[in-house]
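The structure appears below as structure tokens.
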Amino acid sequence: MEQRDFGRTRHVSTVAIFGAAALWEVTQEEADAAMDLVVAAGVNHVDVAPQYGLAEERLGSWMAREGRRDRFFLGCKTMERTKAGAGAELRRSLVALRTDRVDLYQLHAVNSLEELDEVTGEAGALDAMLEARDRGLTRFIGITGHGVQAPAVFLQAIERFDFDSVLFPLNFVQMANPDYRRDAEELIRVCRERDVGTMVIKSITRGPWGDQPETHTTWYRPFTEPADIQRAIDFVLSHDVTGICTAGDTRLLLLVLEACERFAPMEAHAREALIAEASEHEPLFA
């Protein structure tokens, strides 16, 4: 599987980054089987959060076995907005993950400028991350977000603080929104210029669930056919990003890993043609 520089961290990440949200409500046996797939594919970067149900516990149990923690660059997150809250949550995450440090600690789901003000303000969560970095509990600091404002918010965020990474949604359906596309492309350009790692979520999003039955443990209705997944992955990885976080459902994991292994760059005209098809689908973020 192709590997790319994860910004200034100097870690070279596989283009598939394991999104441990897939371990949300699985048994330990199912989690172990998923991690076997991840290891077999050569994945070397994992992203997890305390908001992902049982994920920290399941991943921690798997990593506790000898030598497994050091297989991965490990990213974790906090949705706490204050210094005290984020510091306490990091300590809980380290216990659940059965480790003494993470490689990347991220401000999670910062979806508006108001939230950005909160986490970067006096006694905000960013202060806890700086303290954690000083104490060796994390090496790097990142920011994540969802929603239609995410790229624009992150353009502001990296002006306020020199984040090591960003994580945001990107898929061909969403890129049919010209404002979103403008901000996403500018964010990718600025991150490359400043050597900031870029992780993409929701790469295989088909649309919102709406009134349809939720057949997968993803926050969105995913593409499920291998050919559709391949096109969606090829589209995203043809941008200048580090990689994609795999979908939050173990049943989709192998398909996404295989698509990342088979990734072939998509020419600009092919990407434009795919965006032109987006009208067949409803964007996740209006």
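The values are calculated or read from the model by the stated rules, or taken from the named source; none is laboratory data. Here the structure is a predicted model, which is why all the values come from computation and not from measurement. Cβ coordinates were reconstructed from backbone atoms using ideal geometry, including for glycine residues, and neighbour counts include every protein chain displayed. Keep in mind that these areas ignore ligands, DNA and RNA; they rest on the heavy atoms of the full protein, side chains included. Shrake-Rupley method; radii C 1.70, N 1.55, O 1.52, S 1.80 Å.
Across segment 133-148, the number of residues qualifying as over 16 Å from the mean Cα position of the chain (by Cα) and either part of a strand (DSSP E or B) or hydroxyl-bearing (Ser, Thr, Tyr) (or both) comes to 2. For segment 149-184, name all the residues that are closer than 24 Å to PHE73 by Cβ and either aromatic (Phe, Trp, Tyr) or at pLDDT below 95 (or both). Once the filter is applied, which keeps residues that are closer than 24 Å to PHE73 by Cβ and either aromatic (Phe, Trp, Tyr) or at pLDDT below 95 (or both), segment 149-184 yields PHE154, PHE161, PHE163, PHE168.
Just so you know, in segment 223-235 the residues that are out of contact with any helix residue (DSSP H, G or I) (no Cβ under 7 Å at 6 or more places or on another chain) and part of a helix (DSSP H, G or I) include one that is surrounded by the most Cβ atoms within 10 Å (Cβ to Cβ), and it is ALA232. Taking the conditions (1) in a helix (DSSP H, G or I); (2) surrounded by 22 or more Cβ atoms within 10 Å (Cβ to Cβ) in turn, ARG181 satisfies each one other than (2).
Answer yes or no: is there a residue in segment 122-132 that is crowded, with 24+ Cβ neighbours inside 10 Å and in a strand (DSSP E or B). Scanning segment 122-132, I find no residue that is crowded, with 24+ Cβ neighbours inside 10 Å and in a strand (DSSP E or B), so the answer is no. Applying the condition of being more than 17 Å from the chain's Cα centre (by Cα) and open to solvent by 10 Å² or more (accessible area, probe 1.4 Å) to segment 193-207 and asking which residue is nearest to VAL236 (Cα to Cα) yields ARG206.
Kindly provide the set of residues from segment 243-286 that are of a type in the set (S, T, N, Q) and under 20 Å from ALA40 (Cα atoms), ordered by number.
THR246, THR250
Can you confirm whether segment 236-247 contains a residue that is open to solvent by less than 20 Å² (accessible area, probe 1.4 Å), within 27 Å of ALA31 (Cβ to Cβ) and in a helix (DSSP H, G or I)? Yes, segment 236-247 contains a residue that is open to solvent by less than 20 Å² (accessible area, probe 1.4 Å), within 27 Å of ALA31 (Cβ to Cβ) and in a helix (DSSP H, G or I). Whenever a residue of segment 266-283 is more than 15 Å from ARG182 (Cβ to Cβ), its partners that are open to solvent by 60 Å² or more (accessible area, probe 1.4 Å), lying with C-beta atoms within less than 7 angstrom and at least six residues away or across chains, give the pairs LEU274/ARG231; HIS281/ARG206. Spot the failing condition for PHE163; the list is (1) part of a loop (DSSP other than H, G, I, E, B); (2) free of Cβ contacts under 8 Å to residues at least 24 places away in the same chain, and only one is missed. For PHE163, the exception is condition (2). Which one is farthest from MET1 (Cα to Cα), of the residues in segment 249-277 that are outside any helix (DSSP H, G or I) and either open to solvent by 10 Å² or more (accessible area, probe 1.4 Å) or basic (Lys, Arg) (or both)? Taking the candidates together, the pick is GLU267.
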